[in-house]
Amino acid sequence: MSTSNIQAEQRSYSSQGTSLDNMVPANTIKIMTIVGARPNFMKAAPVIAAIRKHNEHLAMSPRLTADVNSQFTLQNVLVHTGQHYDEAMSDRFFADLNIPKPDVHLGVGSGSHAAQTAEIMKRFEEVLVREKPDLLVVVGDVNSTLGCTLVAAKISFDVNGTRPLIAHVEAGLRSFDRGMPEEINRILTDHLADLLFVTEESGLRNLREEGIPDEKVHFVGNTMIDSLLTFKDKADRSDILDRLRLRNRNSSQGSPNGTARYALLTLHRPSNVDQRETFLNILEGLEELSKSCPVIFPAHPRTQKKLAEFHLERFFKNEVEDSRPAQADGRIRMVEPLGYLDFLCLMANAAVVVTDSGGIQEETTCLGVPCVTVRENTERPITVKVGTNILAGTSKEGIRQATRKQLTSSASGSVPEAWDGKSAQRILDVILRETKKKRSL
Ligand code: UD1
């Protein structure tokens, strides 16, 4: 756990139009957006972009704006907890997704769940007390999401107990598996939030069944899909297929542009990779797939550590020094974690994606790419119902059957309601309305 001084980590970026000045003019709404771990960046980026566009629009035509909500300037303070800190797990995503540099970096780093969450809370409280935002935006289900929500829910800026409104983007998802740390984070965050932004119909049902009042809940679609639709063309221009020798432009095999038939794999859930038996079982279940097509595996740091610790290297190859086109020889080709654009390009061109990630189930649904989820449950049932996702479980036979089926699948599924690239704008409309309402009370 890093012990770096928080003050030293904090920076102010005038290029972003924000300052860490507490004196907020009456016609300015101060928003604080939290990011911490890899899956947060693509969910928060569209909200940050929508705030920027709102201010640009206001600057260009201040008097022409009839809608009174639109007349407020928005100040966004971006806080990075530092839960993920590698270039590969964090910094690259800021560049790929055009996210401005964080105004505040808490430098929290890794630790047990308790240590990491506690450190986030301790460091974040100081920032929150100093900045006093009108509203806090948290996304997803990672420890940073819960840690910052807990702090904001109990903070008191003045004798009246004033605290920021808490907005949770991606509310209501439930795996009904409390063994998953993310499930605990989701439930607690939702029960503390004031504005709950839901991505799919199951979220509406879950929140209602848990007794959350309807007026707090807003069905807005999926900001991660906003990012996908914004950056898809740019991702198509990535050279990752050439770098991994998955494309031979002179070949008559594969797709018309010479792209090989390949599978893309990600695994990092503690329940899948932290026990040797389970991890081994999954790898044996994937052997058939890796004999029928190259399997590309950008490995999460947790997974890299575990496979070395469990001596499972025989299932993998590192082809850095190999100049041949990708081979289907029964071994999985491990590469370092990839940036957003390279990974999106690999997903879009894959014959099948095998994963235990949450977000990838949604991205493949939107792309119409067959997906096999190596888990017993999913908190994103819409991807199975209307999308391209199959829940394989974690048994060898389950994985074999699902990958076989998906490799020959031609179904492209359909895109869920409101996954249309406009979710962040819907969120901003609600934020403006509700923050103004709170101020006039
Ligand atoms: C976290 C999230 C999970 C999300 C995943 C995506 C929680 C509870 N979990 O899990 O929901 O799907 O991120 O990546 O918040 N590590 C590095 N470099 C980094 C970050 C982590 O080497 O930049 C190592 C850590 O040292 C640790 C391991 O990866 O050993 C796990 O990191 P951690 O932040 O605890 O959780 P994730 O497994 O990444």
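The values are calculated or read from the model by the stated rules, or taken from the named source; none is laboratory data. Nothing here was measured: the structure is a model prediction, and the numbers come from that model. Don't worry about glycine lacking a Cβ; one is built from the backbone with ideal geometry, like all the others, and counts go over all protein chains shown. Surface accessibility is based on the protein's heavy atoms, side chains included, excluding ligands, DNA and RNA. Shrake-Rupley method; radii C 1.70, N 1.55, O 1.52, S 1.80 Å.
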Students often forget the sequence filter, so: which lysines lie under 28 Å Cα-Cα from Lys317 once same-chain residues fewer than 8 apart are removed?
Lys291, Lys305, Lys306, Lys396, Lys405
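In Å², what does the accessible area per residue of segment 344-401 work out to with a 1.4 Å probe? Mind dumping the intermediate values first?
Working: 1410 Å² over 58 residues.
Normalised by residue count, the accessible surface of segment 344-401 is 24 Å².
Given an 8 Å cut-off on Cα distances and at least 6 residues of separation, report the relative contact order of segment 110-172 as a percent. Display every interim value, and only then the final one.
Working: 72 pairs, mean separation 23.5, N = 63.
The normalised contact order for segment 110-172 reaches 37 percent.
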Could you grab the Rg to Rh ratio for segment 304-441? Cα atoms only, Kirkwood for Rh.
1.10
Check: C-alpha center segment 78-119 vs C-alpha center segment 360-429, spacing in Å is 27
What is the sum of charges around Cys366, taking Lys and Arg as +1, Asp and Glu as -1, for the other residues whose C-beta is under 13 Å from the C-beta of Cys366?
-4
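Given an 8 Å cut-off on Cα distances and at least 6 residues of separation, report the relative contact order of segment 158-271 as a percent.
Working: 113 pairs, mean separation 20.7, N = 114.
It rounds to 18 percent for segment 158-271.
How do the peptides 307-314, 156-163 rank, highest first, by the average count of neighbouring beta carbon atoms within 10 Å per residue?
Working: 307-314: 13.2, 156-163: 10.5.
Output ranking for 307-314, 156-163: 307-314, 156-163.
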Lys385 accessible area, nearest 10 Å², 1.4 Å probe?
140
Can you give me the % of accessible surface on segment 252-389 that is carbon or sulfur? Probe 1.4 Å, all protein chains present, nothing else counted.
50
Quick check on segment 288-341: take the gyration tensor over C-alpha atoms, sort the square-rooted eigenvalues as a ≥ b ≥ c, and tell me if it's rounded (a/c under 1.5), prolate or oblate.
oblate
Dividing the helical contributions, -39500 (n - 2.57) per DSSP H run of n ≥ 4, by the residues of the chain yields a 222 nm value, nearest 500 deg cm²/dmol, of -12500 deg cm²/dmol
Can you list the lysines whose alpha carbon is less than 19 Å from that of Lys437, not counting same-chain residues fewer than 8 positions off?
Lys30, Lys132, Lys216
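Where in segment 339-441 are there GluC sites (Glu not before Pro) that are in a DSSP coil and have at most 15 other Cβ atoms within 10 angstrom of their Cβ? Walk me through the numbers on the way to the answer.
On the way: sites: Glu362, Glu363, Glu376, Glu379, Glu397, Glu417, Glu434; in loops: Glu376, Glu379, Glu417.
Passing sites in segment 339-441 are Glu376, Glu417.
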Per principal axis, largest first, the Cα atoms of the chain extend in Å by 66, 46, 44
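Between Ala88 and Leu192, what is the FRET efficiency for a Förster distance of 35 Å, r being their Cβ-Cβ separation, to the nearest 0.05? The partial results should precede the final answer.
Working: r = 32 Å, r/R0 = 0.91.
Once the sixth-power term is evaluated, E becomes 0.65.
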Counting pairs of alpha carbon atoms under 8 Å apart in space and at least six apart in sequence, what relative contact order in percent does the chain give?
15
Helix 396-407: inclination vs the chain longest Cα principal axis, degrees, rounded to 10, gives 90
Over all distinct Cα pairs, what is the inverse of the mean 1/r for segment 75-197, reported as the Kirkwood hydrodynamic radius in Å?
15.0
No solvent, one uniform scatterer per C-alpha: report log10 I(q)/I(0) for segment 176-239 via the Debye equation at q = 0.13, 0.17 1/Å, two decimals.
-0.49, -0.69
